[in-house]
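These notes are about the structure you will find just below.
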Amino acid sequence: MTSWMHDSFPGHEVNLVLTRGQSLDALTSGLRDLKREPLAQSEADGWAWAVHDMIEEDSEDYEEADYRLLCPAGTELVVFVTEPCSAKAHGPRFHYLRSGATTLYFSFEDIEQRLGDNPDYISAELLAANLIGPDAACEKWRTDDSHHCDDHDDDDIQLRLVKAIADAFILPSPPLALEVTAK
């Protein structure tokens, strides 16, 4: 996932935020209140979206944005944190909030460990995409001595995961996500 975000915003470590139930102006104003200036924003299919730098270096604000403040009653917020700690090479994270409460939260590194008020919120979709469950584990090593499961392309798994999430929430395809919709 980080590769398609890097290509769209070279030199930036960014988060993608999508909201339903509030206007694009409310989203961008809220991001600015959190000192996260949008780098790109638009609306499509009932969702407003914005991309912003993960941290605000100018004000020395290195904390993650508190997205609960951007999610008033009656709204939904979907957040892709593309590089939660690039220095340590941690994988992206996903955060889904409704009315300011975390409904679902997980790291792309371990989607089996989902947290929130409803950690199974999109489990059916993840299972159908073979991202969790008994068919998610690679079994090729059992029949192919030369196969190394560690060699799997993480970008492919991340793209499959983003596509499953996008399909589950019926998210629009921001211009930066063309690779995701093509798979």
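The values are calculated or read from the model by the stated rules, or taken from the named source; none is laboratory data. Only a predicted model underlies this, so the values are computations on that prediction, with no experimental measurement involved. Cβ: placed from backbone, ideal geometry, glycine included. Neighbour counts: every protein chain shown. Surface accessibility is based on the protein's heavy atoms, side chains included, excluding ligands, DNA and RNA. Shrake-Rupley method; radii C 1.70, N 1.55, O 1.52, S 1.80 Å.
Worth pointing out:
Matching residues to (1) at pLDDT below 90; (2) part of a helix (DSSP H, G or I):
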{"site": "Tyr121", "(1), (2)": "no, no"}
{"site": "Glu125", "(1), (2)": "no, yes"}
{"site": "Asp145", "(1), (2)": "yes, no"}
{"site": "Leu171", "(1), (2)": "no, no"}
{"site": "Glu179", "(1), (2)": "yes, yes"}
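- Look at the range 105-118: where a residue is on the phi > 0 side of the Ramachandran plot and a partner is of a type in the set (Val, Ile, Thr), sitting 6+ places away or on another chain with Cβ atoms under 7 Å, you get Gly116/Thr102; Gly116/Thr103.
- Restricting the range 59-71 to residues that are touching a Lys or Arg at 6+ places or on another chain (Cβ under 6 Å) and assigned to a loop (DSSP other than H, G, I, E, B) leaves a set whose member that is modelled with the highest pLDDT is Ala65.
- Qualifying residue in the range 77-97 (condition: modelled with pLDDT of 95 or more and open to solvent by 20 Å² or more (accessible area, probe 1.4 Å)): yes
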